[in-house]
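For reference, the structure discussed in these notes is given below.
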Amino acid sequence: MQPLQSVTGMNDILPAESARWRRLEQNWHETCRRYGFGEVRTPLCEYTELFVRSVGETTDIVEKEMYTFPDRNERSLTLRPEGTASAVRAYLHGAAGTEPLARWYYLGAMFRGERPQKGRYRQFHQVGAEVYGDAGPGVDAEVVDLAYRYVASLGVAKFEVRINSLGSGDTRTRYRDALVAYYGPMREKLSKESQRRLDTNPLRIVDSKSPEDVALRAGAPALTEHLADDDKRHFDAVLAILDRMGTPVVIDPTIVRGLDYYTRTIFELKDTSGALGAQDTLGGGGRYDNLVEELGGRSTPGIGFALGCERLLIASTALDAPIEPSAAIIAIARAEDVAVQAEALSIARELRTAGVTVHVDTRFGKADRQFRHADRVGARAGVVLGSAEIANGTLGLKDLARKEQRSIARADVVREVRALLSSPTDVARGTAD
């Protein structure tokens with residue numbers, strides 16, 4: 001029988017990788033705490049109409065990528081493809097009446113039925129932040145700064161924030177009409193996907209990566225040409241505040257974002273090192289001042305962003321850390337020698353209670369195999385015991401890096417192990433014997 005495989009594009013995160021994930025997540029919690037954001041946790045699954053109404057019927061996500069299925073009552077459900085819609089739904093039902101200004105952050109799994117490739121998966125993870133109830137340019141700048149500072153803190157050496165404005169009111173409609181007027185006569189020269197988008201979502205032609213579309217872009221109308229005066233003043237204020245904060249951004253008129261709910265300020269974070277190849281967008285977001293109302297709430301301004309964790313992990317250079325100093329219990333006992341095994345686990349519990357990480361190979365095999373296990377897990381200290389040590393009230397304490405062993409009193413095990421783990425070593429680790 002063939003072993004079962006994981007679903008294509010949905011990957012396991014094994015212990016060797018999870019330490020980097022924990023550091024990425026802990027950094028996110030700490031960064032958001034410093035900015036005054038509180039954590040929100042939303043379900044993995046929502047009613048499908050939430051995403052159709054918020055993300056947009058003509059977007060790639062809704063048309064081609066969502067994991068949608070009926071429940072037992074034939075109500076259509078969808079695994080969340082992005083975090084903003086769920087956060088807005090949670091705000092409407094849990095906080096809209098009590099938190100006129102809400103600053104939330106989240107992290108978790110998202111799902112899209114895309115073609116898997118480096119940095120692009122069918123189950124992927126995002127960190128994100130949302131603010132409700134503030135229409136001013138200051139919050140736009142602060143949200144952009146939050147995204148920038150977090151990515152910088154991960155050691156992503158080469159990246160930039162690209163920013164643009166979609167305007168508000170009928171700006172998007174005017175710009176859409178201008179694009180249709182420009183690209184319409186040259187429809188046959190566009191890529192097949194952009195030919196389709198010309199009728200459904202022409203803004204996506206602007207950020208298309210297809211060579212045919214890029215070649216035609218030079219004469220295309222710029223979105224900034226269609227901004228109303230209020231929108232231009234708002235965008236200029238965002239840029240001025242970011243400049244005063246020392247947050248570097250690049251104005252990029254080709255950024256339009258692919259979701260229908262965006263208005264005014266939009267931005268993306270791009271890796272410029274080449275580590276991600278074609279999937280160089282670390283994340284992005286923007287303002288969505290109409291979305292709360294469109295989903296049934298009162299008119300409430302909003303802004304937010306999300307970053308892809310898998311892409312951050314590829315681009316990051318600061319998430320690796322030295323192995324935590326730890327101890328291993330080496331119990332020399334026959335299979336039936338329960339007293340030695342019990343004492344070994346009792347010592348392990350005592351050390352763990354004192355804050356020491358302890359590894360025990362509970363198969364209790366030959367000593368050399370236990371030492372090899374200790375070396376594989378990176379233990380620095382080895383606590384060696386057998387029936388003779390139990391009878392004498394002693395233990396063997398071995399420095400596994402220096403391969404030096406001495407006898408200690410059983411009563412001193414916590415103090416002696418802590419002292420060994422805190423001592424420096426300049427000896428290259430080899431297989432213990």
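What follows is calculated from the coordinates using simple rules that are stated; it is not laboratory data. Everything numeric here is computed off the predicted structure, so don't read it as measured data. Glycine also receives a Cβ, built like all others from the backbone with ideal geometry; neighbour counts cover every protein chain displayed.
Structure notes:
- Longest to shortest principal axis, alpha-carbon extents of the chain, angstrom: 91, 58, 46
- Counted residue by residue at 0.36 nm each, then reduced by the alpha carbon distance between them, the extension gain from residue 319 to residue 334 reaches 1.2 nm.
- Separation in nanometres of the label points that stand 7 Å from Cα toward Cβ, at residue 13 and residue 392: 4.7 nm
- Overall dimensions of region 185-270 as given by Cα atoms, namely Rg and Dmax in Å: 14.9, 46
- Spatially near lysine pairs across the chain, Cα under 21 Å, sequence gap of 8 or more or different chains: 13
- Note on residue 236 and residue 192: with the Förster distance fixed at 45 Å, the Cβ-Cβ geometry gives a FRET efficiency of about 0.70.
- Summing Lys and Arg as +1 and Asp and Glu as -1 over all other residues whose Cβ lies under 14 Å from the Cβ of residue 228 gives a net charge of -2.
- Helix-only [θ]222 nm of the chain, DSSP H runs n ≥ 4, -39500 (n - 2.57) each, per residue, nearest 500: -11000 deg cm²/dmol
- Within the listed set 412, 230, 213, the Gaussian network model of the chain (springs between alpha-carbon atoms below 10 Å) gives the highest mean-square fluctuation for 412.
- Label-to-label distance for residue 21 and residue 160 is 3.3 nm, based on points extended 7 Å past Cα in the beta-carbon direction.
- Region 253-322-region 171-202 distance, computed between alpha-carbon centres (Å): 24 Å
- Taking a ≥ b ≥ c as the square roots of the Cα gyration tensor eigenvalues, region 326-422 comes out rounded, since a/c falls below 1.5.
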